[in-house]
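This report refers to the structure that appears directly beneath it.
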Amino acid sequence: MREFTYTKAADAAEAVRLAAAGARYLGGGTNLVDLMREEIERPTALVDVSGLAQGITEHPDGSVEIGAATRNTAVAAHPRIRRDYPVLARAIVSGASGQIRNAATVGGNLLQRTRCPYFYDVAARCNKREPGSGCDARQGFHRTHAVLATSAHCIATHPSDMCVALVALDAQVHILGPAGARVVAVADLYRDPGETPHLETVLGPAELITAVRLPRAVDGAVSTYRKVRDRTSYAFALVSVAAVLRVVDATVADVRIALGGVASRPWRARVAERELLGAPAEPDTFKRAAEAEFRSARPLPDNAFKVSLAPRVVADVLKGLSG
Ligand code: SF4
(Lines give C-alpha, C1' and ligand atoms only; values in the text may rest on other atoms or scores of the structure.)
Protein backbone atom coordinates (compact mmCIF):
# COMPACT_ATOMS: atom_id res chain seq x y z
CA MET A 1 0.00 0.00 0.00
CA ARG A 2 1.29 3.48 -0.84
CA GLU A 3 1.78 6.18 1.76
CA PHE A 4 -1.08 8.59 2.40
CA THR A 5 -2.03 11.23 4.94
CA TYR A 6 -5.03 10.69 7.21
CA THR A 7 -7.28 13.37 8.74
CA LYS A 8 -10.40 12.82 10.80
CA ALA A 9 -12.90 15.51 9.78
CA ALA A 10 -14.46 17.55 12.58
CA ASP A 11 -17.51 18.35 10.45
CA ALA A 12 -18.84 18.07 6.90
CA ALA A 13 -17.60 21.54 5.90
CA GLU A 14 -14.02 20.66 6.87
CA ALA A 15 -14.30 17.34 5.03
CA VAL A 16 -15.42 19.11 1.84
CA ARG A 17 -12.56 21.63 2.18
CA LEU A 18 -9.99 18.85 2.47
CA ALA A 19 -11.56 16.90 -0.42
CA ALA A 20 -11.48 20.02 -2.60
CA ALA A 21 -7.74 20.12 -1.90
CA GLY A 22 -7.36 16.54 -3.17
CA ALA A 23 -8.27 14.19 -0.28
CA ARG A 24 -10.53 11.17 -0.76
CA TYR A 25 -13.43 10.46 1.58
CA LEU A 26 -13.06 7.43 3.84
CA GLY A 27 -16.16 5.85 5.41
CA GLY A 28 -16.02 2.39 6.97
CA GLY A 29 -13.17 1.48 4.64
CA THR A 30 -14.66 -1.89 3.69
CA ASN A 31 -14.15 -1.26 -0.03
CA LEU A 32 -11.67 1.62 -0.39
CA VAL A 33 -9.01 0.07 1.86
CA ASP A 34 -9.12 -3.17 -0.16
CA LEU A 35 -8.73 -1.15 -3.36
CA MET A 36 -5.78 0.73 -1.88
CA ARG A 37 -4.09 -2.51 -0.83
CA GLU A 38 -4.37 -3.75 -4.42
CA GLU A 39 -3.17 -0.33 -5.69
CA ILE A 40 -6.32 0.04 -7.78
CA GLU A 41 -7.03 3.26 -5.88
CA ARG A 42 -4.01 5.39 -4.98
CA PRO A 43 -5.14 8.38 -2.92
CA THR A 44 -2.38 10.43 -1.35
CA ALA A 45 -4.70 11.87 1.32
CA LEU A 46 -7.76 10.51 3.11
CA VAL A 47 -10.34 12.46 5.07
CA ASP A 48 -12.25 10.22 7.47
CA VAL A 49 -15.98 11.04 7.46
CA SER A 50 -17.06 7.94 9.40
CA GLY A 51 -17.63 9.99 12.56
CA LEU A 52 -19.98 12.50 10.89
CA ALA A 53 -23.75 12.37 10.42
CA GLN A 54 -24.59 9.18 12.27
CA GLY A 55 -28.12 8.31 13.30
CA ILE A 56 -31.69 8.09 12.10
CA THR A 57 -34.12 11.01 12.41
CA GLU A 58 -37.88 10.66 12.07
CA HIS A 59 -39.43 13.82 10.62
CA PRO A 60 -42.99 15.10 11.31
CA ASP A 61 -43.98 14.62 7.63
CA GLY A 62 -43.38 10.88 8.02
CA SER A 63 -40.06 10.83 6.18
CA VAL A 64 -36.94 9.32 7.71
CA GLU A 65 -33.43 10.72 7.41
CA ILE A 66 -30.41 8.45 7.72
CA GLY A 67 -27.03 10.09 8.34
CA ALA A 68 -24.49 9.01 5.73
CA ALA A 69 -22.09 7.67 8.38
CA THR A 70 -24.74 5.46 10.00
CA ARG A 71 -23.56 1.88 9.98
CA ASN A 72 -25.49 -0.58 7.81
CA THR A 73 -26.24 -2.75 10.85
CA ALA A 74 -27.85 0.16 12.70
CA VAL A 75 -30.14 0.92 9.75
CA ALA A 76 -31.29 -2.69 9.35
CA ALA A 77 -31.95 -3.03 13.10
CA HIS A 78 -33.83 0.26 13.57
CA PRO A 79 -37.47 -0.38 14.65
CA ARG A 80 -38.93 2.24 12.31
CA ILE A 81 -36.98 0.86 9.31
CA ARG A 82 -38.06 -2.68 10.14
CA ARG A 83 -41.70 -1.63 10.52
CA ASP A 84 -42.18 0.78 7.60
CA TYR A 85 -39.37 -0.12 5.17
CA PRO A 86 -38.86 -3.88 5.50
CA VAL A 87 -37.51 -4.00 1.95
CA LEU A 88 -34.54 -1.91 3.13
CA ALA A 89 -33.87 -3.95 6.27
CA ARG A 90 -33.98 -7.19 4.28
CA ALA A 91 -31.70 -5.85 1.55
CA ILE A 92 -29.06 -4.73 4.03
CA VAL A 93 -29.12 -8.01 5.95
CA SER A 94 -28.68 -9.94 2.69
CA GLY A 95 -25.52 -8.00 1.85
CA ALA A 96 -22.09 -9.01 3.19
CA SER A 97 -21.18 -10.49 6.57
CA GLY A 98 -22.24 -9.12 9.94
CA GLN A 99 -18.71 -7.82 10.53
CA ILE A 100 -18.75 -5.84 7.28
CA ARG A 101 -22.25 -4.48 7.94
CA ASN A 102 -21.04 -3.31 11.37
CA ALA A 103 -18.25 -1.27 9.76
CA ALA A 104 -19.80 -0.16 6.47
CA THR A 105 -21.52 3.21 6.29
CA VAL A 106 -24.59 4.14 4.26
CA GLY A 107 -22.61 6.68 2.23
CA GLY A 108 -19.87 4.15 1.52
CA ASN A 109 -22.41 1.53 0.51
CA LEU A 110 -23.85 3.95 -2.05
CA LEU A 111 -20.42 4.63 -3.55
CA GLN A 112 -18.84 1.17 -3.46
CA ARG A 113 -17.14 0.04 -6.66
CA THR A 114 -18.05 -2.91 -8.86
CA ARG A 115 -16.84 -6.42 -7.98
CA CYS A 116 -16.00 -7.27 -11.61
CA PRO A 117 -12.97 -9.56 -11.20
CA TYR A 118 -11.07 -7.84 -14.03
CA PHE A 119 -11.41 -4.50 -12.25
CA TYR A 120 -9.51 -6.03 -9.32
CA ASP A 121 -6.88 -7.72 -11.51
CA VAL A 122 -4.31 -5.08 -12.40
CA ALA A 123 -2.94 -7.36 -15.15
CA ALA A 124 -6.31 -7.33 -16.97
CA ARG A 125 -7.68 -4.73 -19.37
CA CYS A 126 -10.41 -2.69 -17.72
CA ASN A 127 -11.86 0.60 -18.96
CA LYS A 128 -13.23 1.38 -15.53
CA ARG A 129 -9.85 1.08 -13.82
CA GLU A 130 -7.79 2.38 -16.74
CA PRO A 131 -9.88 4.33 -19.29
CA GLY A 132 -9.22 3.30 -22.89
CA SER A 133 -7.48 0.02 -22.03
CA GLY A 134 -10.34 -2.31 -23.05
CA CYS A 135 -12.73 -4.69 -21.29
CA ASP A 136 -11.56 -8.25 -20.70
CA ALA A 137 -14.94 -9.25 -19.27
CA ARG A 138 -16.67 -9.20 -22.67
CA GLN A 139 -14.56 -12.10 -23.99
CA GLY A 140 -13.87 -13.61 -20.58
CA PHE A 141 -15.80 -14.47 -17.43
CA HIS A 142 -19.05 -12.50 -17.53
CA ARG A 143 -21.61 -14.79 -15.94
CA THR A 144 -22.24 -12.26 -13.17
CA HIS A 145 -22.27 -9.19 -15.40
CA ALA A 146 -24.93 -6.76 -16.59
CA VAL A 147 -27.55 -7.26 -19.30
CA LEU A 148 -29.34 -3.86 -19.24
CA ALA A 149 -27.91 -0.50 -20.40
CA THR A 150 -24.47 -2.00 -20.98
CA SER A 151 -21.98 -0.55 -23.43
CA ALA A 152 -19.14 -1.86 -25.57
CA HIS A 153 -16.85 -0.34 -22.96
CA CYS A 154 -18.18 -1.93 -19.75
CA ILE A 155 -20.68 -4.54 -18.58
CA ALA A 156 -20.04 -4.33 -14.84
CA THR A 157 -22.85 -4.45 -12.29
CA HIS A 158 -23.36 -2.29 -9.23
CA PRO A 159 -22.80 -4.63 -6.26
CA SER A 160 -25.01 -3.08 -3.57
CA ASP A 161 -28.17 -4.62 -2.15
CA MET A 162 -29.07 -1.61 0.01
CA CYS A 163 -29.12 0.74 -2.99
CA VAL A 164 -31.60 -1.45 -4.85
CA ALA A 165 -34.04 -1.06 -1.97
CA LEU A 166 -33.38 2.69 -1.78
CA VAL A 167 -34.27 3.06 -5.47
CA ALA A 168 -37.53 1.14 -4.97
CA LEU A 169 -38.33 3.43 -2.02
CA ASP A 170 -37.78 6.65 -4.05
CA ALA A 171 -35.05 7.67 -1.60
CA GLN A 172 -33.00 10.81 -2.07
CA VAL A 173 -29.38 11.59 -1.23
CA HIS A 174 -28.44 14.88 0.39
CA ILE A 175 -25.13 16.19 -0.90
CA LEU A 176 -22.74 18.91 0.29
CA GLY A 177 -20.06 20.25 -2.01
CA PRO A 178 -17.86 23.31 -2.56
CA ALA A 179 -20.80 25.05 -4.29
CA GLY A 180 -23.30 24.24 -1.50
CA ALA A 181 -25.95 21.63 -0.78
CA ARG A 182 -28.21 19.77 -3.21
CA VAL A 183 -30.52 16.77 -3.31
CA VAL A 184 -30.53 13.98 -5.92
CA ALA A 185 -32.79 10.92 -6.19
CA VAL A 186 -30.82 7.73 -5.56
CA ALA A 187 -32.18 6.49 -8.92
CA ASP A 188 -30.43 9.45 -10.60
CA LEU A 189 -27.16 9.20 -8.66
CA TYR A 190 -25.55 6.69 -11.03
CA ARG A 191 -24.46 6.92 -14.66
CA ASP A 192 -24.77 4.21 -17.28
CA PRO A 193 -21.30 3.17 -18.49
CA GLY A 194 -21.47 4.55 -22.05
CA GLU A 195 -17.99 5.52 -23.23
CA THR A 196 -16.88 6.61 -19.76
CA PRO A 197 -17.39 3.71 -17.34
CA HIS A 198 -14.85 5.19 -14.94
CA LEU A 199 -17.41 7.97 -14.23
CA GLU A 200 -19.92 6.16 -12.05
CA THR A 201 -22.03 8.85 -10.39
CA VAL A 202 -23.22 12.41 -10.96
CA LEU A 203 -21.27 13.63 -7.92
CA GLY A 204 -18.97 16.55 -8.71
CA PRO A 205 -15.44 17.00 -7.34
CA ALA A 206 -15.36 16.97 -3.52
CA GLU A 207 -19.12 16.46 -3.18
CA LEU A 208 -19.98 14.50 -0.03
CA ILE A 209 -23.12 12.47 0.61
CA THR A 210 -24.36 13.66 4.02
CA ALA A 211 -27.68 11.80 4.35
CA VAL A 212 -30.27 9.60 2.72
CA ARG A 213 -33.94 10.56 3.04
CA LEU A 214 -36.74 8.02 2.77
CA PRO A 215 -40.14 9.47 1.88
CA ARG A 216 -43.11 8.56 4.05
CA ALA A 217 -43.98 4.90 3.50
CA VAL A 218 -46.91 4.27 1.13
CA ASP A 219 -50.04 3.58 3.23
CA GLY A 220 -51.31 0.06 2.73
CA ALA A 221 -48.26 -1.09 0.74
CA VAL A 222 -46.16 -4.18 1.43
CA SER A 223 -42.54 -4.58 0.46
CA THR A 224 -39.75 -7.12 0.33
CA TYR A 225 -36.31 -7.90 -1.10
CA ARG A 226 -35.22 -11.15 -2.67
CA LYS A 227 -31.68 -11.98 -3.70
CA VAL A 228 -30.68 -14.86 -5.98
CA ARG A 229 -26.99 -15.78 -5.71
CA ASP A 230 -24.62 -18.66 -6.21
CA ARG A 231 -24.15 -19.23 -2.46
CA THR A 232 -26.55 -18.57 0.38
CA SER A 233 -24.22 -16.05 2.06
CA TYR A 234 -21.30 -13.74 1.31
CA ALA A 235 -22.11 -13.59 -2.40
CA PHE A 236 -23.19 -10.76 -4.66
CA ALA A 237 -26.54 -10.95 -6.44
CA LEU A 238 -26.95 -12.69 -9.76
CA VAL A 239 -30.37 -11.05 -9.70
CA SER A 240 -32.11 -9.23 -6.87
CA VAL A 241 -35.53 -7.64 -6.63
CA ALA A 242 -36.80 -4.90 -4.32
CA ALA A 243 -40.53 -4.37 -4.63
CA VAL A 244 -43.18 -2.20 -3.00
CA LEU A 245 -46.77 -3.10 -3.87
CA ARG A 246 -50.23 -1.85 -2.96
CA VAL A 247 -53.23 -3.76 -4.23
CA VAL A 248 -56.76 -2.37 -3.98
CA ASP A 249 -59.77 -4.43 -5.12
CA ALA A 250 -57.48 -6.96 -6.84
CA THR A 251 -55.89 -4.17 -8.92
CA VAL A 252 -52.33 -2.82 -8.72
CA ALA A 253 -52.77 0.62 -7.17
CA ASP A 254 -49.08 1.38 -6.53
CA VAL A 255 -45.94 -0.50 -7.50
CA ARG A 256 -42.22 0.23 -7.35
CA ILE A 257 -39.65 -2.28 -8.50
CA ALA A 258 -35.86 -2.05 -8.53
CA LEU A 259 -33.40 -4.70 -9.64
CA GLY A 260 -29.83 -5.57 -8.69
CA GLY A 261 -27.27 -7.65 -10.56
CA VAL A 262 -28.55 -6.67 -14.00
CA ALA A 263 -27.08 -3.21 -14.70
CA SER A 264 -24.28 -0.85 -13.73
CA ARG A 265 -26.77 0.90 -11.47
CA PRO A 266 -29.59 -0.25 -9.20
CA TRP A 267 -32.17 -0.58 -11.98
CA ARG A 268 -35.61 0.96 -11.60
CA ALA A 269 -37.99 -1.24 -13.58
CA ARG A 270 -40.14 1.54 -15.00
CA VAL A 271 -41.35 -0.44 -18.03
CA ALA A 272 -42.73 -3.15 -15.76
CA GLU A 273 -44.22 -0.57 -13.39
CA ARG A 274 -46.09 1.13 -16.26
CA GLU A 275 -47.54 -2.20 -17.40
CA LEU A 276 -48.62 -3.10 -13.87
CA LEU A 277 -50.23 0.11 -12.68
CA GLY A 278 -54.01 -0.28 -12.85
CA ALA A 279 -53.77 -3.87 -14.09
CA PRO A 280 -55.22 -6.94 -12.36
CA ALA A 281 -52.91 -8.17 -9.59
CA GLU A 282 -52.50 -11.68 -10.91
CA PRO A 283 -49.59 -13.95 -11.93
CA ASP A 284 -50.03 -13.54 -15.71
CA THR A 285 -49.89 -9.75 -15.42
CA PHE A 286 -46.79 -9.93 -13.23
CA LYS A 287 -45.06 -12.27 -15.69
CA ARG A 288 -45.87 -10.15 -18.76
CA ALA A 289 -44.75 -6.93 -17.09
CA ALA A 290 -41.51 -8.42 -15.82
CA GLU A 291 -40.67 -9.85 -19.24
CA ALA A 292 -41.36 -6.46 -20.85
CA GLU A 293 -38.64 -4.91 -18.69
CA PHE A 294 -36.03 -7.17 -20.28
CA ARG A 295 -36.94 -6.61 -23.96
CA SER A 296 -34.04 -4.15 -24.17
CA ALA A 297 -31.55 -6.58 -22.59
CA ARG A 298 -28.26 -7.20 -24.41
CA PRO A 299 -26.80 -10.30 -22.78
CA LEU A 300 -23.58 -12.13 -23.65
CA PRO A 301 -23.37 -15.94 -23.85
CA ASP A 302 -22.64 -16.63 -20.19
CA ASN A 303 -25.09 -14.18 -18.61
CA ALA A 304 -28.06 -14.76 -20.97
CA PHE A 305 -29.70 -16.80 -18.20
CA LYS A 306 -30.40 -13.53 -16.35
CA VAL A 307 -32.87 -12.47 -19.05
CA SER A 308 -35.16 -15.36 -18.15
CA LEU A 309 -34.23 -15.64 -14.46
CA ALA A 310 -34.88 -12.00 -13.52
CA PRO A 311 -38.49 -11.80 -14.83
CA ARG A 312 -39.32 -15.05 -13.04
CA VAL A 313 -37.98 -13.66 -9.77
CA VAL A 314 -39.86 -10.38 -10.24
CA ALA A 315 -43.12 -12.20 -11.00
CA ASP A 316 -42.73 -14.50 -8.01
CA VAL A 317 -41.93 -11.63 -5.64
CA LEU A 318 -45.03 -9.72 -6.79
CA LYS A 319 -47.16 -12.84 -6.46
CA GLY A 320 -45.93 -13.27 -2.90
CA LEU A 321 -46.62 -9.64 -2.02
CA SER A 322 -50.08 -9.64 -3.58
CA GLY A 323 -51.04 -12.80 -1.73
FE1 SF4 B 1 -13.63 -3.29 -16.38
FE2 SF4 B 1 -16.23 -2.92 -16.69
FE3 SF4 B 1 -14.97 -4.51 -18.34
FE4 SF4 B 1 -15.23 -5.25 -15.79
S5 SF4 B 1 -16.87 -4.99 -17.26
S6 SF4 B 1 -13.40 -5.40 -17.07
S7 SF4 B 1 -15.20 -3.25 -14.77
S8 SF4 B 1 -14.61 -2.32 -18.12
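The values are calculated or read from the model by the stated rules, or taken from the named source; none is laboratory data. Not measured: the values here are computed from a predicted model. Every residue, glycine as well, gets a Cβ built from its backbone with ideal geometry; the counts of neighbours run over all protein chains shown. Keep in mind that these areas ignore ligands, DNA and RNA; they rest on the heavy atoms of the full protein, side chains included. Shrake-Rupley method; radii C 1.70, N 1.55, O 1.52, S 1.80 Å.
Quick one: net charge around Leu318, please, counting Lys, Arg +1 and Asp, Glu -1 for every other residue with C-beta under 14 Å from its C-beta.
-1
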Exercise. Given Phe294, Ala281, Leu259, which one lies farthest toward the positive end of the charge dipole of segment 209-302, if we put +1 on the Cβ of every Lys and Arg and -1 on the Cβ of every Asp and Glu?
Worked result: Leu259
Exercise. Pick from Phe236, Phe305, Phe286: which residue has the top mean-square fluctuation in a GNM of the chain where Cα pairs under 10 Å get a spring?
Worked result: Phe305
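Can you compute the helix-only [θ] at 222 nm over the chain? Use -39500 (n - 2.57) per DSSP H run of at least 4 residues, normalise by all residues, nearest 500 deg cm²/dmol.
-7500 deg cm²/dmol
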Seminar exercise, completed: Of every hundred units of 1.4 Å-probe accessible area on segment 216-323, the number belonging to carbon and sulfur atoms, as a percent, is 49
Problem set entry | Extension gain, Asp316 back to Asp302 (0.36 nm per residue minus Cα-Cα distance, nm) | 2.7 nm
Seminar exercise, completed: The orientation-averaged projected area of the Cα convex hull of the chain, in nm², is 16.1
Problem set entry | Size of electric dipole in the chain: Cβ of Lys, Arg +1 and of Asp, Glu -1, about Cα centre, debye, nearest 20 | 500
Seminar exercise, completed: SASA check, Thr157, accessible area w/ 1.4 Å probe, all protein chains in place, rounded to nearest 10 Å², comes out at 20
Exercise. Roughly how many whole Å is it from the C-alpha centroid of segment 154-195 to that of segment 1-50?
Worked result: 20
For this session: At 1.4 Å probe size, with every protein chain present, just tell me what the per residue accessible area of segment 156-290 comes to in Å².
Result: 41
Problem set entry | At R0 = 41 Å, FRET efficiency that the Cβ-Cβ distance of Glu3 and Ala179 yields, to 0.05 | 0.85
Exercise. Rounded if a/c is under 1.5, else prolate if a/b is larger than b/c, else oblate: which is segment 193-323, with a ≥ b ≥ c the root eigenvalues of its Cα gyration tensor?
Worked result: oblate
For this session: State which stretch of the chain is the longest one without any exposed trypsin sites (Lys or Arg not before Pro), exposure meaning a DSSP loop state and at most 12 other Cβ atoms within 10 Å.
Result: 3-215
For this session: Can you list which of the GluC sites (Glu not before Pro) found in segment 39-85 are DSSP loop residues with at most 14 other C-beta atoms within 10 Å?
Result: Glu39
Exercise. Considering the dipole of the chain built from charges on the beta carbon (Lys and Arg +1, Asp and Glu -1) around the Cα centre, which of His153, Ile66, Ala217 is farthest to its positive end?
Worked result: His153
For this session: Take the Cβ-Cβ distance between Tyr234 and Arg143 as r, set R0 to 22 Å, and report the resulting FRET efficiency rounded to the nearest 0.05.
Result: 0.80
For this session: Estimate the FRET efficiency between Ala292 and Val222 by the formula 1/(1 + (r/R0)^6), using the beta-carbon distance for r and 22 Å for R0, to the nearest 0.05.
Result: 0.45
